[in-house]
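The values are calculated or read from the model by the stated rules, or taken from the named source; none is laboratory data. Computed from a predicted structure; not experimentally measured. Cβ placement follows ideal geometry from the backbone for every residue including glycine, while neighbour counts extend to all protein chains displayed. All accessible areas refer to the heavy atoms of the entire protein, side chains included, with ligands and DNA or RNA removed. Shrake-Rupley method; radii C 1.70, N 1.55, O 1.52, S 1.80 Å.
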Amino acid sequence: MTEYGIPRSIYGEDHQMFREAARKFYEREVVPHHAKWEEDGVVPKDVWRKAGEAGFLCATMPEEYGGSGVDRLYSAILMEEQAYTGCTGPGFSLHSDIVAPYILAYGSEEQKKKWLPKMASGEVIGAIAMTEPGAGSDLQGVKTTAVRDGNEFVINGQKTFITNGQNADLVIVVTKTDPKQGAKGTSLFLVEAGREGFTKGRNLEKLGMKAQDTSELFFSDVRVPPENMLGGEGQGFFYLMQELAWERLQIAIMAVAGCEAALKWTVDYTRERKVFGKSVLDFQNTKFELAELKTETQIARVFVDKCIEMVANHKLDVATAAMAKYWTTDLQGKLLDRCLQLFGGYGFMWEYPITRAYADARVQRIYGGTNEIMKELISRTL
Ligand SMILES: Cc1cc2nc3c(=O)[nH]c(=O)nc-3n(C[C@H](O)[C@H](O)[C@H](O)COP(=O)(O)OP(=O)(O)OC[C@H]3O[C@@H](n4cnc5c(N)ncnc54)[C@H](O)[C@@H]3O)c2cc1C
């Protein structure tokens, strides 16, 4: 999308072809339906199947598990293309680039064979349930327990704000197998939808991301065999820390692409819109506003591209990813507010992408670790 300034250098020709295919997929299968999905509060499952058939789910998973074995640059392209459309409903990146990597990294051979090919085809939709009503930023405070009973574990607890919550067929649930301990008592379990005692609660009504089925989940005496544990007992917290840099960079990737898209919509609109006999874009105020925002977006783009390159080489550290997450999502919030202003009253109308983007972007500063937590992490390196 960037046609000016500092050329992007991280992608090659194969990436460009992949990007074209992804763009067509989003234009055909997502954009025309997204307004309806916002009303429904959920993206239909057949879209997941179509994304799977097209090779856009779990692309970085090895071929033997149904993926394409490509690197994370391809994941970044998918996130960018989705962000350019402004369609935030499909929770593909969480499924492909957060949930699946946990199963690949810590799952048994049996778990990997059982779940990853179905996740890549879109037959199984994944979610990860960490947050609870009383534990968000302070993840060590998780109260959901998994207590051994004979040859089973019994899970009890409640989760909230879970992305893909209604659609999920498989949930990685963060539990305490030893509630007396903090981080060291944490274990992860794979819990299938339909298991007795596991119920999906409300599809939560939100400020934005209205097509995303963010939900409550309840676990009441849910019995699972030990084979459902993901990795080792008491290792859960350690696992959750391993890919934080990548998980946060994903939010930054979507933030910068979101800024680029919003700038384009705003330039197009202000060029068209005539007030006092001239284009809104011709007022010096409009030009200066957009010049500033374009500059900051370019700065963000260069920083995030460097981070993408580093993550593809497994070199990105947590503090640098935290910088990317906090700074780009702050920028996105500011940029959307200022761009929306240039739309006048139309900027307040839901039918305009800028309005939806404004609402959708608010959560970028909150989820994936709040921006305050990002600053905590950065300050530890001072
Ligand atoms: C749309 C959406 C989707 C989500 N998807 C998922 C998901 O799929 N899975 C999942 O597990 N969770 C998910 N979450 C939860 C999200 O990660 C949490 O909301 C987030 O981590 C913040 O936790 P909290 O809401 O409990 O806020 P709190 O932790 O209660 O924070 C409240 C305020 O206190 C501040 N604060 C907290 N600690 C500190 C500190 N040490 N120093 C300074 N300030 C601090 C925070 O920054 C914030 O401003 C989602 C949330 C939303 C809204």
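Can you give me the solvent accessible area of Ser96 with a 1.4 Å probe, rounded to the nearest 10 Å²?
10 Å²
Please calculate how many Å² of accessible area the chain carries per residue, with a 1.4 Å probe and no DNA, RNA or ligand atoms counted.
45 Å²
Measure off 7 Å from each Cα along the Cα-to-Cβ vector at Glu351 and Ile299, then give the distance between these two points in nanometres to one decimal.
Label at Glu351, label at Ile299, 3.8 nm between them.
What whole number of Å gives the distance from the Cα centroid of region 267-298 to the Cα centroid of region 304-343?
23 Å
Let me check I have the definition right: for region 1-54, take the eigenvalues of the Cα gyration tensor, multiply each by 5, take square roots. What are those semi-axes in whole Å, largest first?
Its equivalent ellipsoid spans semi-axes of 29, 15, 8 Å.
Taking all protein chains as present, what is the carbon and sulfur share of the accessible area of the chain, in % to the nearest whole number, probe 1.4 Å?
Numbers: 9230 of 17300 Å².
Percent of accessible area from carbon and sulfur atoms in the chain: 53.
Using only protein heavy atoms and a 1.4 Å probe, report how much of Trp327 is accessible, in Å² to the nearest 10.
Accessible area of Trp327: about 100 Å².
Provide the FRET efficiency to the nearest 0.05 for the Glu20-Gln140 pair, computing r from the beta carbons and using R0 = 41 Å.
FRET efficiency, Glu20 to Gln140: 0.40.
Size of the dipole of region 127-236 about the Cα centre, Lys and Arg at +1 and Asp and Glu at -1 on the beta carbon, nothing else charged, in debye to 20?
280 debye
I need the semi-axes of the equivalent ellipsoid of region 243-379: take the C-alpha gyration tensor, multiply each eigenvalue by 5, square-root it, list largest first in whole angstrom. Walk me through the numbers before you get to the answer.
Working: eigenvalues 195, 43, 25 Å².
Each semi-axis is the square root of five times an eigenvalue, giving 31, 15, 11 Å.
Using Cα-Cα distances under 8 Å and only pairs 6 or more residues apart, what relative contact order does region 243-379 have, in percent?
RCO, region 243-379: 36 percent.
In nm, to one decimal, how far is the Lys334 label point from the Glu110 one, both placed 7 Å along Cα→Cβ?
Going from the Lys334 label point to the Glu110 one covers 5.3 nm.
Take each uninterrupted DSSP H stretch in the chain, measure its Cα extent along the helix axis, and return the ones at 30 Å or beyond whose mean Kyte-Doolittle hydropathy is at least -1.0.
244-272, 284-312, 318-341
Quick one: among Glu205, Glu13, Glu260, which has the greatest mean-square fluctuation in a GNM of the chain with alpha-carbon springs under 10 angstrom?
With Cα springs under 10 Å in the chain, the top fluctuation among Glu205, Glu13, Glu260 is at Glu13.
Can you give the Rg to Rh ratio for region 127-236, taking only C-alpha atoms and Rh from Kirkwood?
Here the Rg-to-Rh quotient is 0.96.
Please give the charge dipole size of region 13-124, origin at the Cα centre, charges +1 on K and R Cβ atoms and -1 on D and E Cβ atoms. Round to the nearest 20 debye. It would help to have the intermediate numbers written out before the result.
Details: 13 positive and 19 negative charges, 46 e Å.
So the dipole magnitude of region 13-124 works out to roughly 220 debye.
If I ignore ligands, DNA and RNA and count only protein heavy atoms, how much of Asp138 is accessible to a 1.4 Å probe, in Å² to the nearest 10?
100 Å²
How far apart, in nm, are two points set 7 Å out from the Cα along the Cα-to-Cβ line at Lys274 and at Lys184?
7.4 nm
Run through every distinct alpha carbon pair of region 73-178 and return the Kirkwood hydrodynamic radius in angstroms, one decimal place.
Numbers: mean 1/r = 0.0653 Å⁻¹.
Kirkwood radius, region 73-178: 15.3 Å.
With unit charges on the beta carbon (Lys/Arg positive, Asp/Glu negative), name the residue among Ser68, Phe288, Ala211 whose Cα is farthest towards the positive pole of the charge dipole of the chain.
Selected residue: Phe288.
Output ³J(HN,Hα) for region 132-142: one whole-Hz value per residue in order, computed from phi by the Karplus curve 6.51 cos²θ - 1.76 cosθ + 1.60 with θ = phi - 60°, and x for Gly and Pro.
With coefficients 6.51, -1.76 and 1.60, one gets 10, x, x, 8, x, 4, 8, 5, 5, x, 4 Hz.
Test of understanding: express the Cα radius of gyration of the chain as a ratio to 2.2 N^0.38 Å, with N the residue count.
Working it through for the chain, the quotient is 1.00.
Could you please put Met17, Met209, Met323 in sequence from largest to smallest accessible area, using a 1.4 Å probe?
Largest accessible area first, the list is Met17, Met323, Met209.
Run the dipole for region 260-303 about the Cα centre, Lys and Arg Cβ at +1, Asp and Glu Cβ at -1, nothing else charged, and hand back the magnitude in debye, nearest 20.
Magnitude of the dipole: close to 160 debye.
Mind checking the full-extension length gain between Glu233 and Asp317? Use 0.36 nm per residue of separation minus the Cα-Cα distance, one decimal, nm. Working shown, then result.
Numbers: separation 84, 0.36 × 84 = 30.24 nm, distance 2.60 nm.
Net length gain for the segment: 27.6 nm.
Farthest toward the dipole's positive end in the chain, which of Leu335, Ala255, His34, given Cβ charges of +1 (Lys, Arg) and -1 (Asp, Glu) about the Cα centre?
Leu335
Nearest 0.05, what FRET efficiency do Leu382 and Val267 give at R0 = 45 Å with Cβ-Cβ as r?
0.70
Give the average over all directions of the projected area of the C-alpha convex hull of region 13-124, one decimal, in nm².
Here the figure is 6.5 nm², rounded to one decimal.
Tell me, in nm to one decimal, what length is gained between Lys206 and Glu292 on full extension, where the rule is 0.36 nm per residue of separation less the Cα-Cα distance?
Length gained between Lys206 and Glu292: 27.9 nm.
Please report how far the C-alpha centroid of region 185-220 lies from that of region 4-76, rounded to the nearest whole angstrom.
Region 185-220 and region 4-76 have Cα centres separated by 24 Å.
Please go through the residue pairs Lys287/Lys325; Lys159/Lys306; Lys114/Lys176; Lys210/Lys325; Lys118/Lys210 and name each one whose alpha carbons sit more than 29 Å apart in this structure.
On the way: Lys287/Lys325 27 Å; Lys159/Lys306 35 Å; Lys114/Lys176 25 Å; Lys210/Lys325 22 Å; Lys118/Lys210 26 Å.
Over 29 Å Cα-Cα: Lys159/Lys306.
Hey, for a label at Glu53 modelled as a point 7 Å past Cα toward Cβ, could you say which residues of region 102-145 have their backbone N under 18 Å away?
Under cut-off, by backbone N: 118-125.
Relative contact order (percent) for the chain, with alpha-carbon contacts under 8 angstrom and 6 or more residues of separation?
On the way: 694 pairs, mean separation 60.8, N = 382.
RCO, the chain: 16 percent.
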